[in-house]
Amino acid sequence: MHRRGFLITTALTVLGLAGCASPNSARTGTSSSEPTAATPQNRRFAAPTGVVKAAVPHGTVYALPGKGRNLALTVDDGADAAVVAAYAKFCADTGMRITCFVNGVNRGWTDSRPVLAPMVESGQVFLANHTWSHPDLRALTSVQVSDQVTRNEKFLRSTYGVSGRPFLRPPFGYYNAALARQLSDLGYPAITMWLGSLSDASVIAPERVVFHAKQWFLPQHLVIGHANHPAVTHVYGQLVDIIRERNLRPVTLADVFDVTAQ
């Protein structure tokens, strides 16, 4: 299934699925300037309460289950270690809850372990599988696919004590029916896509991140962002303002899906 299969209009295709960069896009870089200070401590988000968790779906996930005012921000890749560190600080300072789709090859996930690990343990940050090194899985053999998935799972277990299951986001959003079956057999029945994007897989201006956040930070939306370039690190306060002004509740995928039943 193509990543645009769920979307039914050209507008959503163009605006909502600006997710992982194409294989030919730049995927590395370092921040050349310091991120802005995080939101003050008195504006922290609280952990969600009273959530009735849905069963983990066996299929493709585009949005959060049920009705409500939840928002799931998911953060992919980690090509820039400084941006991973900035996301970790943002969560520590604000209580923001995020789901990270990790590529273990990127050193930021190891470098930021001291800050991230306590939040992973508490459930504030949920780590999911994005493969070891972000290849197009359709171009690999089944053995190579298994290696990409299991190697990354071993990294998550050894570094954070978690598996990443049951959520896997295929790089670039590319997969097909055969891959879906194999990923399910590997322990990842929920192929996780998105309904809205910060469009920051490649270099954009900070104000564009805010523009896309205003467009897609909506109730029950699952939004994709990336820890690849520094633009997002300069607008964390504005992202918090949008979430609060719209009375949204940040959640991880494990807050709304019953991952313990897997």
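Per this entry, Val51 is counted among residues that are farther than 16 Å from Leu127 by Cα, in contact (Cβ under 8 Å) with a residue 24 or more places away in the chain and assigned to a loop (DSSP other than H, G, I, E, B).
Of all the numbered requirements in (1) over 19 Å from Thr252 (Cα atoms); (2) touching a strand residue (DSSP E or B) at 6+ places or on another chain (Cβ under 7 Å); (3) open to solvent by 20 Å² or more (accessible area, probe 1.4 Å), Phe126 misses one, and that requirement is (1).
Against the test of being out of contact with any strand residue (DSSP E or B) (no Cβ under 7 Å at 6 or more places or on another chain), modelled with pLDDT under 95 and open to solvent by less than 20 Å² (accessible area, probe 1.4 Å), the options Ala46, Ala21, Ala26, Ala37 yield a single qualifying residue, Ala21.
Considering only residues of segment 133-147 that are under 25 Å from Val84 (Cβ atoms) and in contact with a Phe, Trp or Tyr (Cβ under 7 Å, 6 or more places away or on another chain), which is surrounded by the fewest Cβ atoms within 10 Å (Cβ to Cβ)? Filtering segment 133-147 for residues that are under 25 Å from Val84 (Cβ atoms) and in contact with a Phe, Trp or Tyr (Cβ under 7 Å, 6 or more places away or on another chain), the one surrounded by the fewest Cβ atoms within 10 Å (Cβ to Cβ) comes out as Asp136.
Residue-wise test of (1) more than 16 Å from Leu127 (Cα to Cα); (2) of a type in the set (A, V, I, L, M).
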residue	(1), (2)
Val149	no, yes
Arg169	no, no
Asn176	yes, no
Leu198	yes, yes
Val209	yes, yes
Gln215	yes, no
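Residues in segment 193-237 that are part of a loop (DSSP other than H, G, I, E, B), closer than 13 Å to Leu73 by Cα and among the small types (Gly, Ala, Ser): Gly196, Ser199, Ala227.
For (1) touching a helix residue (DSSP H, G or I) at 6+ places or on another chain (Cβ under 7 Å); (2) buried (at least 23 other Cβ atoms within 10 Å of the Cβ); (3) within 15 Å of Gln238 (Cβ to Cβ); (4) at pLDDT 95 or above, each residue gets a yes or a no:
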| residue | (1), (2), (3), (4) |
| --- | --- |
| Leu195 | yes, no, no, yes |
| Phe217 | yes, no, yes, yes |
| His221 | no, no, no, yes |
| Gly225 | yes, yes, yes, yes |
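Any chance segment 184-191 includes a residue that's open to solvent by less than 20 Å² (accessible area, probe 1.4 Å), within 26 Å of Phe45 (Cα to Cα) and touching a Lys or Arg at 6+ places or on another chain (Cβ under 7 Å)? So far as segment 184-191 goes, no, none of its residues is open to solvent by less than 20 Å² (accessible area, probe 1.4 Å), within 26 Å of Phe45 (Cα to Cα) and touching a Lys or Arg at 6+ places or on another chain (Cβ under 7 Å). One residue stands out among those in segment 106-116 that are open to solvent by less than 20 Å² (accessible area, probe 1.4 Å) and assigned to a helix (DSSP H, G or I): the one that is nearest to Thr49 (Cα to Cα), which is Leu116. Can you name the residue in segment 238-262 that is in a loop (DSSP other than H, G, I, E, B) and within 20 Å of Leu195 (Cα to Cα) and, of all such residues, is most open to solvent (accessible area, probe 1.4 Å)? Here the answer is Asn247. Checking each residue in segment 54-95 for being of a type in the set (Gly, Ala, Ser) and assigned to a helix (DSSP H, G or I) picks out Ala81, Ala82, Ala85, Ala86, Ala88, Ala92. Here segment 150-177 is the region considered, the condition is being outside any helix (DSSP H, G or I) and either among the aliphatic types (A, V, I, L, M) or touching a Ser or Thr at 6+ places or on another chain (Cβ under 7 Å) (or both), and the residue that is surrounded by the fewest Cβ atoms within 10 Å (Cβ to Cβ) is Val162.
The values are calculated or read from the model by the stated rules, or taken from the named source; none is laboratory data. Keep in mind that this is a model prediction, so the values were computed, not measured. Note that we place each Cβ from the backbone using ideal geometry, even for glycine, and neighbour counts take in every protein chain shown. Ligands, DNA and RNA are stripped out before the accessible areas are found, and what is left, the full protein with its side chains, is counted by its heavy atoms. Shrake-Rupley method; radii C 1.70, N 1.55, O 1.52, S 1.80 Å.
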